[in-house]
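Take a look at the structure below.
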Amino acid sequence: MTHLALSDRTLELVARRFRYLGEPFRLRILQSLSRGEKTVGQLVEDLDANQPNVSKHLQMLLEAGLVSRRKEGTSRVYSMGDPMLLTLCDLVCRSARERTEEDLAELQSAQARKP
């Protein structure tokens with residue numbers, strides 16, 4: 001793995017991006033958008049959420065550059081703004097799964113040693 005020397009400004013921008021990703025509902029929106037473009041109404045239905053909440057989080061994701069928006073007639077259609085997010089989420093999920101599997105194996109090993 002290559003380690004980059006990042007400026008303080010760049011580190012702040014990276015930290016800001018991770019803060020936006022630190023909200024589970026925003027991750028649910030991104031997960032839904034990973035399956036294709038959607039309007040606010042489609043996201044509301046897909047996420048079983050209310051429109052004001054979806055719109056608020058979409059606006060934050062849009063400001064962070066994590067989603068894109070285009071106008072189609074009277075609707076706004078949202079999509080993933082940064083395809084690398086899918087790679088990042090996949091890496092984090094794989095790491096979490098591996099850690100969980102390791103923890104489970106340790107628990108099973110400890111349980112097997114008990115008399």
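If you go through the range 57-71 and pick out every residue that is in a loop (DSSP other than H, G, I, E, B) and surrounded by 15 or more Cβ atoms within 10 Å (Cβ to Cβ), you end up with 2.
Out of curiosity, is D82 surrounded by 10 or more Cβ atoms within 10 Å (Cβ to Cβ) and part of a helix (DSSP H, G or I)? The answer is no for D82. Among the criteria (1) surrounded by 10 or more Cβ atoms within 10 Å (Cβ to Cβ); (2) assigned by TED's automatic domain parsing to the domain that holds S32; (3) among the β-branched types (V, I, T), the one T87 does not fulfil is (2).
Checked against the criterion of being at pLDDT below 85 and either in a loop (DSSP other than H, G, I, E, B) or closer than 27 Å to L13 by Cα (or both), the candidates V77, V54, V92 yield just one match: V92.
Under the condition of being of a type in the set (A, V, I, L, M, F, W, C) and within 29 Å of D46 (Cα to Cα), which residue from the range 90-115 is surrounded by the most Cβ atoms within 10 Å (Cβ to Cβ)?
Going through the range 90-115, the residues of a type in the set (A, V, I, L, M, F, W, C) turn out to be 91-93, 96, 104-105, 107, 110, 112.
Next cut, within 29 Å of D46 (Cα to Cα) only: 91-93, 96.
Details: L91: 10, V92: 12, C93: 10, A96: 10.
Here the residue is V92.
The values are calculated or read from the model by the stated rules, or taken from the named source; none is laboratory data. Just so it is clear, the model here is predicted, and its values are computed rather than measured. Neighbour counts are summed over all protein chains in view; Cβ atoms, including those assigned to glycine, are modelled from backbone coordinates with ideal geometry.
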